[in-house]
Amino acid sequence: MSSDSLPSVDRIPSEVLARIGQFLDGPTFLSSLHVSRLWYGAIRHLLWESISKLQWHHPAFPLQLQQYRGNYNAFEPQLFRTKYLEWYGNNAMTAEGSDVYRKTFLPRRQLSTENLVQLLSLLPNLVSLTFHMNEPGPGIGLFPTIALLPNLRKLDIDATCSHSFNPEDMFPLFSRLDELLLAGWWFNAAHERRVDPIENPWRMKRLIIRHVDISLVRYCPELRELVLTPITTFGYRKLLALPSLRILLGCPKLEKIKLPFLTRQDDIERLGDILSSLEQLKVLEYHVQSVKHLKFLCSTDAQVFRLPTSELDSEGTDTTAKLDSGATLPEMPGGTTVASASTSHQRHERLLNPLLEHLVISSVSMGQLNTRRNQLQQSLMDTLQTRSRLKTFVIQDHNNFLIEASYIFAQPGLEAQNGWACMNLERLSLRLSWPEELAIKEEERHQQWQTIYRQIAQLTKLQSLSIIAVYVEKGPESGMMELAGLKALRHLELLSHRRYSWTKDDIQVLLTSAPWLTSLNLRPCNANQIDIWIKEEGRRDIKFLAFS
């Protein structure tokens, strides 16, 4: 084939080049600008489409040059193209924890509120705005300017302001957003509410807010994802005054929920009932503070509350909570009160939350661990035996909630009795323990681990496996070779509380058992030697991390 007949990069249509340019990282994008005039003309408009936090703090970024400070009108044609903007203050950049950030930004590059207001007024086509400032300073004039952005669909604000700003002043903007992420202390959701959530619903699909501001959820009937962040510095009385989680009943389309540690006793008691009423739920991350928080996962006979949003009062709490104050409950059709209707049982032939695919247990209450450990373990086993759609099962408890292996895995010779239903698991993370007598008997411990590895080997779609235990068995006698059939496995974490050295043979067995690994986490005594052995085996593609 002659050189003239070879395809040329200059023959690629400019429309295709522009599309490709949207997926290039910074250095690759800059290199692409120098390929040819065609490439430069096709993708140069993307230079201003996205402005990241790193660009702001680069000494050569045009908007940061001293001669243009406070005079951004010269860039109006370029800023007209900007759709994505990230702005981080100096302290927010430091909080990122990267040495690169600390070396590149200088205090003189901090923009004033007046400059930010002028800049935002020149961004009529902005679609996504991220604004983080962890020091007092942004004046309240900044937020009305943000509220006037006509095409904004995603807003992420984390700021501290000397004046408490009423979020209702931004409700016209919030009603147009698809995603909203609020943090910091620049607003107060406890202001008097003048907007009716029934007559003025928002189109929002994703919401990340502090738990104390959960009352904003009542405006979001179309919500698909909700993340409630915990409050670390908050008065005890205000914690007791948090709105009830039953406000979630007004969001029947919720698919993903991440909840903090709960403080309201009625929320703790009713959490299973609230979550089980969300039939579209696919992703759940929460803290287990009661056995009932697990039992609903494997139940077809749970108590389900299905109150319409009209029965949530203006504060976002449910009407049944007012029983304590002696209030009279409204009547429902047929003369039945809300209380009696909401506490009626509904029988289901199928599991509650039938679409649930991803389950993450952030922690387990210490009180429950001390009194109901066996019930908690049995509920976890029941979940694995009944939830066939599960793709993620993670226990990341930091209170040392160790599950006895006999509750989760089949015992030697009884594999047929304790099989799992979730054979499509892609991510599995467990913390295991054994009775003290089994921990001493090495031969019996090997038999148990052979069963564990054999059962895990049936999860042919598994991509990530993490096991933390007092004893993690290794070597050929442990049955680790059973994992060789897991062709999708990319991440493996085996952390033993009892630290020991791995031999070269152990590493060879592990690499043979998981030939497709790209990430390996261990807790050995000889980490440096293991790193050398991995490279000697020709596996430089593996990212090895040793925990101390």
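For this structure, a couple of remarks:
- Pick from the stretch 486-532, criterion surrounded by fewer than 20 Cβ atoms within 10 Å (Cβ to Cβ) and of a type in the set (Phe, Trp, Tyr), ranking: nearest to residue 472 (Cα to Cα): 500
- Within the stretch 34-56, residues that are open to solvent by less than 30 Å² (accessible area, probe 1.4 Å) have Cβ atoms under 7 Å from residues that are in a loop (DSSP other than H, G, I, E, B) in these pairs: 43/33; 46/22; 51/82, counting only partners at least 6 apart in sequence or on another chain.
- Neighbours by Cβ (under 6 Å, 6+ apart or cross-chain): first from the stretch 173-186, farther than 14 Å from residue 128 by Cα and part of a strand (DSSP E or B); second open to solvent by 30 Å² or more (accessible area, probe 1.4 Å) and of a type in the set (D, E, K, R): 183/158; 184/158
- Here the helices (runs of 4 or more DSSP H) wholly within the stretch 25-127 that include at least 2 residues being among the charged types (D, E, K, R) and at pLDDT below 80 are 99-104.
- Count - residues of the stretch 355-396 that are part of a helix (DSSP H, G or I) and not hydroxyl-bearing (Ser, Thr, Tyr): 16
- Filter result for residue 249 (part of a loop (DSSP other than H, G, I, E, B), at pLDDT below 95 and more than 21 Å from residue 364 (Cβ to Cβ)): no
- Of all the numbered requirements in (1) over 19 Å from residue 53 (Cα atoms); (2) modelled with pLDDT under 90; (3) surrounded by fewer than 18 Cβ atoms within 10 Å (Cβ to Cβ), residue 135 misses one, and that requirement is (1).
- Top-ranked residue in the stretch 1-24 [being over 31 Å from the mean Cα position of the chain (by Cα) and at pLDDT 75 or above; ranked as nearest to residue 51 (Cα to Cα)]: 18
- Any hit, the stretch 156-163, residues being under 21 Å from residue 283 (Cβ atoms), out of contact with any Lys or Arg (no Cβ under 7 Å at 6 or more places or on another chain), buried (at least 17 other Cβ atoms within 10 Å of the Cβ) and at pLDDT below 90: no
- Selection count, the stretch 216-246, where residues are among the polar types (S, T, N, Q) and modelled with pLDDT of 85 or more: 2
The values are calculated or read from the model by the stated rules, or taken from the named source; none is laboratory data. On a predicted model such as this, the values are computed, not experimentally measured, just so you know. Backbone-built Cβ (ideal geometry, glycine too); neighbour counts: all protein chains shown. Calculation scope for accessible area: heavy atoms of the full protein, side chains included, ligands and nucleic acids excluded. Shrake-Rupley method; radii C 1.70, N 1.55, O 1.52, S 1.80 Å.
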